[in-house]
Amino acid sequence: MAELAEQLRKELDRYSPGGKLPSSRALVERYRVSPVTVSRALGQLAAEGLVVTRPGAGAFRARPRTPLTAVGDTSWQEVALSADGAGDVVPRTVDASGVTICLATPPPGVIEFNGGYPHPTLQPEKAMAAALSRAGRRPGAWGRPPLEGLPELREWFAREIGGTVTAAEVLIAAGGQSALTTALRALTPPGAPVLVESPTYPGMLAIARAAGLRPVPVPVDAGGVKPALLADAFRATGARVFVCQPLFQNPTGTVLAPERRPEVLRIAREAGAFVVEDDYVRRLAHEDAGPLPRPLAADDPDGVVVHVSSLTKATSPSFRVGALAARGPVLERLRAIQIVDTFFVPRPLQEAALELVGSPAWPRHLRALSAELRSRRDAMTACLRLHLPELSLPHIPSGGYHLWLRLPDGTGGTSQAFGSGGESALTSAALRAGVAITPGRPYFSAEPPAGHMRLSFAAVAGEQEITEGVRRLRAACDEVL
Ligand SMILES: Cc1ncc(COP(=O)(O)O)c(C=O)c1O
């Protein structure tokens, strides 16, 4: 297709602006390509503004656009966009940088240790394509879905959560990010504090800040959030929400210790607060993880937990289907906000999710993913220990797709480079060396205790890239150390 588009691009000068190009059939014959290739190539040129296609009439060379004589002055927007927060207690900050780090495609040749989703070769591409095509043919697939989501899909998510959660307590959401946004908007008024783990997922901090909320950090250790500090933070702030990732926490990879699970729920309950449980990588447990603890929502008769889960991490960032689950009056609040903000998740995608998780390919895919993640984790861990022993790796996770490393303390001398400025120096040096890493700073809502970085092993092509990426990181460390 690209070749044909290139050929046509070269030949466009033959036609006068507005002139008709040969018919699709003539192009098929002339270039001996399929009609689909012709239509894609013309589509490409149309997207570039070189060609205009008119259904039924054919394709025409585009007329050059008349340049605007006067360039507008948009500087007034700076005032307008800042003025809206004048009366806010907590200024609203809309900043997507924490999220785009994990979504951005690195420049060609750069090894992607910063990706937040599995490499295409780890995605169930065939199974997703088959599911989508079956879904598109289901009766009513393009109609309006029930606003809460397809009943069978709600049932599937309820079964996955387990315990006493029922389909009636589940709402289908457009992935975890959207579900977290709904939860935070539903549970907290602008200006309110929201307790967050420290460190935590920058995308959630971005949601909180964009909603005018004030994230208050509560430190995590090897057993997850520290209950005594959680209780202190509730007392000090009067917060009504705590956002928690009990399983394979992002970024530390830790799992909430069994004895802390009931404690966290009790502390929140006593504070009259909700726990938003972000169960984002349950389906990315490594082969050697052993049995997983149930979601907090499965053991929560009093409706303290608002549970968030998503299919994206185990499929593709574009498979934006997830769920919110909650018990009690809060469910209606969540439902209302979700409808106001997004109406509903496109029905074909919900149908495709049902097709996918019901297919024999799904458990096979999850098993293969879990084995691959385990060997990639081991490969990366071994490489780091060998080539970068000065970086400390406090926890080897048994789920998820990344490692969280602590940089040497910036206490003067040459290692000063690793203070918070050093973290960005290292990130830049790494990029120059050909490897993209995620610096630790955006994971902290207040001053971090040390420099950190997060290295993802899922977004790269394979173990060879892991070895090469660590080699490049070694070179970067040598440069800034
Ligand atoms: C902890 C956590 N929660 C939620 C999400 C959102 O993911 P998605 O919207 O693709 O489900 C992410 C993505 O990186 C994440 O790391």
Problem - Nearest-0.05 FRET efficiency for T53 and D13, computed from C-beta distance (R0 25 Å) - result: 0.85
Exercise for the section: At q = 0.09 Å⁻¹, work out log10 I(q)/I(0) for the chain with the Debye formula, treating every Cα as an identical point scatterer and leaving solvent out; two decimals please. Expected result: -0.73
Exercise for the section: Pull out the extension gain between E259 and S75, defined as 0.36 nm times the separation in residues minus the alpha carbon to alpha carbon distance; nm, one decimal. Expected result: 60.7 nm
Fill in the blank from the handout: By the mean-Cβ-within-10 Å protection proxy, highest first, 375-387, 450-462 rank as 450-462, 375-387
Fill in the blank from the handout: Quotient of Cα radius of gyration and Kirkwood radius for region 124-359, i.e. Rg/Rh, equals 0.96
Handout entry: Ranked packing of 298-306, 123-131, most packed first, by mean Cβ within 10 Å
Key = 298-306, 123-131
Fill in the blank from the handout: The long-range amide H neighbours of V51, using H built 1.01 Å from N in the peptide plane and a cut-off of under 5 Å, are A46, A62
Fill in the blank from the handout: Packing-ranked peptide list from 173-182, 219-228, highest mean Cβ count within 10 angstrom first, is 173-182, 219-228
Exercise for the section: Could you calculate the contour length gain from R367 to R471, that is, 0.36 nm times the residue separation minus the distance between their Cα atoms, to one decimal place in nm? Expected result: 34.5 nm
Problem - Computed P(r) (all Cα pairs; region 2-61; 10 Å bins; percent) - result: 24, 64, 11
Problem - Set of region 349-391 residues, backbone N closer than 11 Å to the point 7 Å along the Cα-Cβ line of E152 - result: 351-359
Exercise for the section: For n ≥ 4 DSSP H runs only, could you compute -39500 (n - 2.57) per run for the chain, divide by its residues and tell me the 222 nm figure to the nearest 500? Expected result: -13000 deg cm²/dmol
Exercise for the section: Return the distance in nm (one decimal) between the two label points of a simple spin-label model at V94 and S34, each offset 7 Å from Cα along Cα→Cβ. Expected result: 4.2 nm
Completion exercise
Phi-derived 3J(HN,Hα) across region 307-318 with the Karplus relation (6.51, -1.76, 1.60, θ = phi - 60°), rounded Hz, x for Gly and Pro, is 8, 10, 9, 8, 8, 4, 5, 9, 10, 7, x, 7
Completion exercise
Probe 1.4 Å, heavy atoms of protein chains only: per residue, the accessible area of the chain in Å² is 46 Å²
Practice task
Please report the base-10 log of the normalised intensity I(q)/I(0) for region 125-176, using a Debye sum with one equal scatterer per alpha carbon and no solvent, at each q in 0.29, 0.30 (1/Å).
Solution key: -1.08, -1.09
Problem - Sequence-distant residues sharing a close amide H with A285 (under 5 Å, placed H) - result: G400
Practice task
Note down the nm distance, to one decimal, between modelled labels 7 Å out along Cα→Cβ at L292 and at A450.
Solution key: 2.9 nm
Fill in the blank from the handout: Any DSSP H helix in the chain with Cα axial reach of 30 Å or more and mean Kyte-Doolittle score of at least -0.5? Listed by number, the hits are 361-387
Handout entry: Estimated distance in nm for a label pair at T237 and A26, the labels positioned 7 Å out from Cα along Cα-to-Cβ
Key = 6.8 nm
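The values are calculated or read from the model by the stated rules, or taken from the named source; none is laboratory data. Bear in mind the structure is a predicted one, so any value in this text is a computation, not a measurement. Cβ coordinates were reconstructed from backbone atoms using ideal geometry, including for glycine residues, and neighbour counts include every protein chain displayed. With ligands, DNA and RNA removed, areas are computed over all heavy atoms of the protein, side chains included. Shrake-Rupley method; radii C 1.70, N 1.55, O 1.52, S 1.80 Å.
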